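Trainee: Questions regarding the structure given below will be posed in turn.
Only the coordinates and a few stated rules stand behind these numbers; no lab work does. A quick note: this is a predicted structure, and the numbers were derived from the prediction, not measured. Please note: Cβ atoms are built from the backbone with ideal geometry, for glycine as well, and neighbour counts cover all protein chains shown.
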Amino acid sequence: MRKPDGLRVAYIDFDSFFATVEEQARPHLRGKPVGVIPFHTAAGTCIIAANKIAKACGVTTGMAVREARIQCPDLVLQPQSPDLYVRAHRKLVMEIEHILPVGTVCSIDELTCPVDSDWQKDPAGLAAAIKEHLRKTVGPYITCSIGMGPNRLLAKIASEIEKPDGATILHPDDLPGRLLDLRMSDLPGIGSRMRHRLAQAGIHDIADLWNSQPRQLRALWGTVNGERFWYALHGYDIAAKQTARSMYGHGRILPPDWRNMDKAWHCARLLTVKACRRLRRDGFVAGRLGLWLSAKEGRWGGEHPLDDVNDDRSCVQGLADLWEQARANLPDAVRVKKLHVALYRLRPAEQRQFSLFGDTSANRQKWSTLSRIMDGLNGKYARTLVSLGPWTPPPGGYAGGKIAFARIPDMEDFW
Ligand SMILES: [Mg+2]
């Protein structure tokens, strides 16, 4: 492992992404405090993004709308528009590529770029060039904070130092330098439990962490990741471990008038079909379907075996079975607040094992073909034109197109 001598990674983190995209797209919001909310009805929901003006009034992400209105009486509430955020994300990635290639897309508002040798000599010029290009081609309202460092961890830490619209360079020759000004809670990958464990070992701040030994962190983490963290923090070029995809899942918080079992069923069914479409698109089959419901009255979760399938009918049948179990186990008048479905035990479709029981392979072939034909039709018209059974999206739309932190939805997820 070599200690690099230059700046290898630029980490670009867009500031208050959903809120600034709304401001860029809707001129009437500009100059006002804006809070993005998940539904068209504000009651009982929370702020999922706030712009700079709203933040200055004390509005934070995750704050209840009621509280946010007390903090900022002029707050303009804007229901989320995930398809707009996905389009903005695509446009930004495309425009950044004009300056330098995008390496990894970490989430809808964070990405990394490898820094080539020319730009390594002028990191401040690179940050300025990216910002200027985005201002000209996308607009001035969507701003980003750029961090540069010898590896991804330090570049990400650097991107957090000056926000919003900042640019921070952590050159390996200057380490630990500005790292020492940070708090332990500013470091990505160190949660409160790990901080507690570190404190018990006498590591209370970044200086202590800097002076620790790789083997000591390995022991405290209990895995080799502790050692990896030490090397990354000290500027070594250590690649992040790739995690293999293990499930296709969709979750949804139901709007207040959708919290009964009948309406929740429509939503669960729709999320299952969406997960199934993604499974097919990526060429996998699943061996298990899981369903989780949470309500004030209690939680229920269960799983159903699947026969290495990826067609809508098999998965919806599995869901129907789970739904019956959930009904039997939850009180009649249950108010389902949150539901989540996931397909897992994945294997590539070409490695599918044919079972001796259940559907015959000819029968299964028929349902797989039908699902593929429906995908083709829906793809052609960019909306859900055909489906097996009713297609009733909950209000607010976008079931399954919800922006996850680590997954950029495909346009197809919004149909
Ligand atoms: Mg961000």
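Trainee: How far is the Cα center of segment 22-40 from the Cα center of segment 58-74, in Å?
Mentor: What the calculation gives is 14 Å, centre to centre.
Trainee: Give the lysines reachable from residue 274 as a straight Cα distance under 26 Å; neighbours fewer than 8 places away on the same chain don't count.
Mentor: 91, 263, 337, 338, 366, 380, 402
Trainee: In addition: Note down the magnitude of the dipole of segment 177-242 about its Cα centre, charges +1 on Lys and Arg C-beta and -1 on Asp and Glu C-beta and zero elsewhere, to the nearest 20 debye.
Mentor: Around 260 debye, computed over segment 177-242.
Trainee: While we're on this one: Per 0.36 nm of contour for each residue apart, how much would the distance between residue 178 and residue 204 grow if the chain were fully extended, relative to their Cα-Cα spacing?
Mentor: The residue 178-residue 204 span can extend by a further 7.7 nm.
Trainee: Please report, in Å, the Rg and the Dmax of the chain, where both are computed over Cα atoms only.
Mentor: Looking at the chain, its Cα Rg and Dmax stand at 23.9, 67 Å.
Trainee: Can you give the net charge of the other residues whose Cβ lies under 9 Å from the Cβ of residue 370, counting K and R as +1 and D and E as -1?
Mentor: The answer is +1.
Trainee: Figure the gain on full extension for residue 225 and residue 282 (residue separation times 0.36 nm, minus the Cα-Cα span) and round it to one decimal in nm.
Mentor: Additional length available on full extension: 17.6 nm.
Trainee: If Lys and Arg each add +1 and Asp and Glu each add -1, what is the summed charge of the other residues whose beta carbon sits under 12 Å from the beta carbon of residue 116?
Mentor: Result for the neighbourhood of residue 116: 0.
Trainee: If I histogram all Cα-Cα distances within segment 1-103 using bins 5 Å wide from 0, what percent of pairs lands in each bin?
Mentor: Over segment 1-103, the share of Cα pairs per 5 Å bin runs 2, 13, 20, 18, 14, 10, 8, 6, 5, 2, 1 percent.
Trainee: Report the net charge of residues surrounding residue 257, where surrounding means a beta-carbon distance below 11 angstrom and charges are Lys +1, Arg +1, Asp -1, Glu -1.
Mentor: Net charge in that neighbourhood comes out at +3.
Trainee: Report the charge-dipole magnitude of segment 101-256 in Debye, nearest 20, computed about the Cα centre from +1 at each Lys and Arg Cβ and -1 at each Asp and Glu Cβ.
Mentor: Roughly 740 debye, rounded to the nearest 20.
Trainee: Which of 137, 143 has the fewest other C-beta atoms within 10 Å, and how do the rest follow up to the most?
Mentor: Ascending number of Cβ neighbours within 10 Å: 137, 143.
Trainee: Now for a different question. Residue farthest toward the positive end of the dipole of the chain, with Cβ of Lys/Arg at +1 and Asp/Glu at -1: which of 71, 115, 103?
Mentor: Towards the positive end, the residue furthest out is 71.
Trainee: Compare the peptides 277-286, 206-215 by average per-residue count of other Cβ atoms within 10 angstrom and give them in order, highest first.
Mentor: 277-286, 206-215
Trainee: What lysines sit close enough to residue 52 to cross-link, taking a C-alpha to C-alpha distance under 20 Å and skipping anything fewer than 8 places away on the same chain?
Mentor: Output for residue 52: 32, 131, 163.
Trainee: Assuming R0 = 35 Å, can you tell me the calculated FRET efficiency for the pair residue 195 and residue 84, based on Cβ-Cβ distance, to the nearest 0.05?
Mentor: Rounded to the nearest 0.05, the efficiency is 0.40.
Trainee: Among 329, 155, 249, flag the residue with its Cα farthest along the positive direction of the charge dipole of the chain, charges on Cβ as +1 for Lys/Arg and -1 for Asp/Glu.
Mentor: 329
Trainee: Which semi-axis lengths, in whole Å and largest first, follow from the square roots of five times the eigenvalues of the Cα gyration tensor of segment 163-302?
Mentor: Semi-axis lengths for segment 163-302 are 42, 19, 17 Å.
Trainee: Based on alpha-carbon centroids, what's the gap between segment 128-163 and segment 287-303 in Å, whole number please?
Mentor: A separation of 40 Å, based on Cα centres.
Trainee: Taking the Cα centre of the chain as origin, work out the dipole magnitude from +1 charges on Lys and Arg Cβ and -1 charges on Asp and Glu Cβ, in debye rounded to 20.
Mentor: Roughly 920 debye for the chain.
Trainee: Rounded to the nearest 0.05, what FRET efficiency is calculated for residue 165 and residue 215 with R0 set to 45 Å and r the Cβ-Cβ distance?
Mentor: Here the calculated transfer efficiency is 0.65.
Trainee: With a Förster radius of 51 Å, plug the Cβ-Cβ distance of residue 296 and residue 136 into 1/(1 + (r/R0)^6) and report the FRET value to the nearest 0.05.
Mentor: Calculated transfer efficiency: 0.50.
Trainee: Let me ask something else about it. Ignoring everything except DSSP H segments at least 4 long, calculate the 222 nm mean residue ellipticity for the chain; use -39,500 (n - 2.57) per segment, divide by total residues, nearest 500.
Mentor: Helix-only estimate at 222 nm: -11500 deg cm²/dmol.
Trainee: Determine the gain in length on full extension of the stretch residue 107-residue 260; use 0.36 nm per residue of separation and subtract their C-alpha separation, reporting nm with one decimal.
Mentor: My answer for the length gained is 51.8 nm.
Trainee: Just to be sure I understand: if I project the alpha-carbon convex hull of segment 177-242 onto a plane and average over all orientations, what area do I get in nm²?
Mentor: 4.4 nm²
Trainee: Further question: What ranking do 52, 121, 32 get, fewest neighbouring Cβ atoms within 10 angstrom at the top?
Mentor: Neighbour counts put them in this order, fewest first: 121, 32, 52.
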